[in-house]
């Protein structure tokens with residue numbers, strides 16, 4: 001009736017293995033059925049376009065289309081958008097950037113990527129991390145300025161701002 005955690009774990013692992021076997025069998029049978037249908041109805045499965053028509057996807061090694069100054073301007077815009085609470089828009093904008101531009105932006109921001117050809121996800125997360133750091137630093141800086149202003153007002157009441 002009641003099982004120990006070890007028994008429960010073994011039972012779950014067994015069920016997972018069985019389900020994987022069933023899924024493999026289903027996949028194999030679907031492949032066989034698809035092959036037969038393609039032979040009987042070849043027009044129902046149009047062939048893929050030839051490789052000559054394929055559009056080239058920008059690779060990380062391609063030269064970026066933005067300059068250093070443009071990269072920093074983009075970063076400043078993204079930080080501003082994030083501070084305004086438009087983080088989804090920041091994410092979308094980064095996702096639509098070409099891979100060479102995203103890699104260049106990452107390098108300009110000093111994002112450690114760790115390998116020669118990092119993935120889009122690694123680059124994206126690195127830039128988003130820098131944006132978050134910038135937001136935290138500006139928040140911290142703002143707090144320090146407020147605290148400093150309050151300290152100055154406490155020690156020198158003559159300097160406090162005029163109140164209407």
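Touching a helix residue (DSSP H, G or I) at 6+ places or on another chain (Cβ under 8 Å), under 21 Å from residue 59 (Cβ atoms) and surrounded by fewer than 16 Cβ atoms within 10 Å (Cβ to Cβ): does that describe residue 114?
yes
Being exposed (fewer than 11 other Cβ atoms within 10 Å of the Cβ) and touching a residue at least 24 places away in the same chain (Cβ under 8 Å) is the filter here; which residues of region 60-85 pass it?
Across region 60-85, the qualifying residues are 61, 63.
Does region 89-111 hold any residues that are touching a residue at least 24 places away in the same chain (Cβ under 8 Å) and surrounded by fewer than 19 Cβ atoms within 10 Å (Cβ to Cβ), and which are they?
91, 95, 98, 100, 109
Looking at the structure I just gave you, is residue 66 modelled with pLDDT of 85 or more and not in a helix (DSSP H, G or I)?
yes
Looking only at region 90-110, how many residues end up being within 16 Å of residue 125 (Cβ to Cβ), at pLDDT below 90 and out of contact with any helix residue (DSSP H, G or I) (no Cβ under 9 Å at 6 or more places or on another chain)?
Of the residues in that region, 0 qualify.
Residues checked against (1) assigned by TED's automatic domain parsing to the domain that holds residue 108; (2) at pLDDT below 95; (3) over 30 Å from residue 132 (Cβ atoms); (4) surrounded by 10 or more Cβ atoms within 10 Å (Cβ to Cβ):
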{"residue": "20", "(1), (2), (3), (4)": "no, no, yes, yes"}
{"residue": "34", "(1), (2), (3), (4)": "no, yes, yes, yes"}
{"residue": "51", "(1), (2), (3), (4)": "no, yes, yes, no"}
{"residue": "57", "(1), (2), (3), (4)": "no, yes, no, no"}
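The values are calculated or read from the model by the stated rules, or taken from the named source; none is laboratory data. Being a predicted model, the structure only gives us computed values, none of them experimental. Virtual Cβ from ideal backbone geometry, glycine too; neighbours counted across all protein chains shown.
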